[in-house]
Amino acid sequence: MGMNMVSKGVQNVLDFLQTDFPDMDVMGISGNYCSDKKPAAVNWIEGRGKSVVCEAVIKEEVVQKVLKTTVSTLVELNMLKNLAGSAMAGALGGFNAHASNIVSAVYLATGQDPAQNVESSHCITMMEAVNEGRDLHISVTMPSIEVRTTLFLVFFTCIYYIILYKMQDL
């Protein structure tokens with residue numbers, strides 16, 4: 001998000017003003033409510049940066065051939081591990097299977113500050129059987145992805161092409 005660069009720019013402006021106004025007092029007004037680079041409920045609830053919901057229906061054949069499992073097993077696993085397990089652990093916006101890994105990878109590949117991973121990895125993964133239990137509906141909600149607008153587009157273009165690449169073998 002460039003917060004360090006903004007801070008440096010503001011400091012330069014303040015230094016410049018201090019020469020013309022030597023009696024000027026400089027005060028910090030941040031209460032850390034922004035919770036930059038820290039897990040916080042405010043980012044989970046209100047979002048910070050871009051909020052994204054992705055969803056797809058994955059055919060039963062793909063679940064069996066590529067993931068080597070069944071739709072019902074994935075739905076049960078998501079309920080027990082990602083939802084119940086994360087709740088029991090007191091997870092703060094971490095009801096998912098390692099969203100932080102892909103977020104970190106994309107940040108490193110595109111020059112984004114990897115420390116933004118903390119709040120950008122807030123994610124909930126939902127799964128349900130559809131089409132009479134044959135296919136898998138999966139949705140991923142990420143309420144606070146911190147990226148510059150251009151990186152936001154790169155981020156989801158990368159994910160889109162990864163999915164296309166993985167599915168071309170089917």
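Here are some notes:
- Some residue of the range 22-44 being within 22 Å of ILE138 (Cα to Cα) and either modelled with pLDDT of 85 or more or in contact with a Pro (Cβ under 8 Å, 6 or more places away or on another chain) (or both): yes
- Within the range 70-102, the residues that satisfy the criterion of being out of contact with any helix residue (DSSP H, G or I) (no Cβ under 9 Å at 6 or more places or on another chain), in a helix (DSSP H, G or I) and farther than 16 Å from HIS137 by Cβ are LEU80, LYS81, ALA84, GLY85, SER86, ALA87, MET88, ASN101.
- Those residues of the range 119-170 which are modelled with pLDDT of 65 or more and touching a Lys or Arg at 6+ places or on another chain (Cβ under 7 Å), in sequence order: GLU119, ASP135, SER144, ILE145, GLU146, VAL147
- Residues within the range 119-138 that are assigned to a strand (DSSP E or B) and over 12 Å from PHE95 (Cβ atoms), tallied: 7
The values are calculated or read from the model by the stated rules, or taken from the named source; none is laboratory data. Keep in mind that this is a model prediction, so the values were computed, not measured. So basically every Cβ, Gly included, is an ideal-geometry build from the backbone, and we count neighbours across all protein chains shown.
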